[in-house]
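Only one structure is covered here, and it is reproduced in the block below.
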Amino acid sequence: MAKNIVAAGLADKCEVQLSYAIGVARPVSILIETFGTSKVDEDKLLEAVQANFELRPGGMIQSFNLQKLPGMRGGRFFQDLAAYGHLGRIDLDLPWEKTDKAELLKAALLQPATVGK
């Protein structure tokens, strides 16, 4: 999410924190920290993230194809992540490193205001 926010030009730096509770599908807390670099209203940024990202654990498993990735990678997927970490890895083409939602976020937040709406 944070990489998409930065790639969309909505902030120069970003960190996203999600908190979950047992038995609750959606996050009980979402914190988007832009360290003072946000170029849009942070409440609207939060709304855009909630509207454009699947935040339920089951949905994230499906979105990132986590049940099939190990088999697609010869059974070494989680071993490779454990060896060198799971963030910032360009060598593994990880689904959560993609910025495929940047244009959606940009369109939602940087569209010109329309008269009468």
Sole exception among (1) farther than 18 Å from M1 by Cα; (2) assigned to a strand (DSSP E or B) for I32, by number: (1)
Scope the range 86-107; condition farther than 9 Å from A7 by Cβ, among the aliphatic types (A, V, I, L, M) and not in a loop (DSSP other than H, G, I, E, B); matching residues: L104, A107
Candidate set from the range 14-46 (those that are surrounded by 14 or more Cβ atoms within 10 Å (Cβ to Cβ) and of a type in the set (A, V, I, L, M, F, W, C)); member that is nearest to the chain's Cα centre (by Cα): V16
Residue among N52, N65 that is surrounded by fewer than 12 Cβ atoms within 10 Å (Cβ to Cβ) and closer than 21 Å to Y20 by Cβ: N65
Residue match in the range 3-11 (condition: in contact with a strand residue (DSSP E or B) (Cβ under 8 Å, 6 or more places away or on another chain), surrounded by 12 or more Cβ atoms within 10 Å (Cβ to Cβ), in contact (Cβ under 8 Å) with a residue 12 or more places away in the chain and farther than 16 Å from L104 by Cα): no
Pairs, first closer than 20 Å to V24 by Cβ in the range 40-68, second loosely packed, with under 12 Cβ neighbours inside 10 Å, C-beta under 8 Å, six or more apart: R56/A25; P57/A25; G58/A25; I61/Q67
Hey, L66 in a loop (DSSP other than H, G, I, E, B), modelled with pLDDT of 75 or more and not polar (S, T, N, Q) or not: yes
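The values are calculated or read from the model by the stated rules, or taken from the named source; none is laboratory data. All values reported here derive from a predicted model rather than from experimental measurement. Counting neighbours? That spans all protein chains shown, and the Cβs are built from the backbone with ideal geometry, glycine included.
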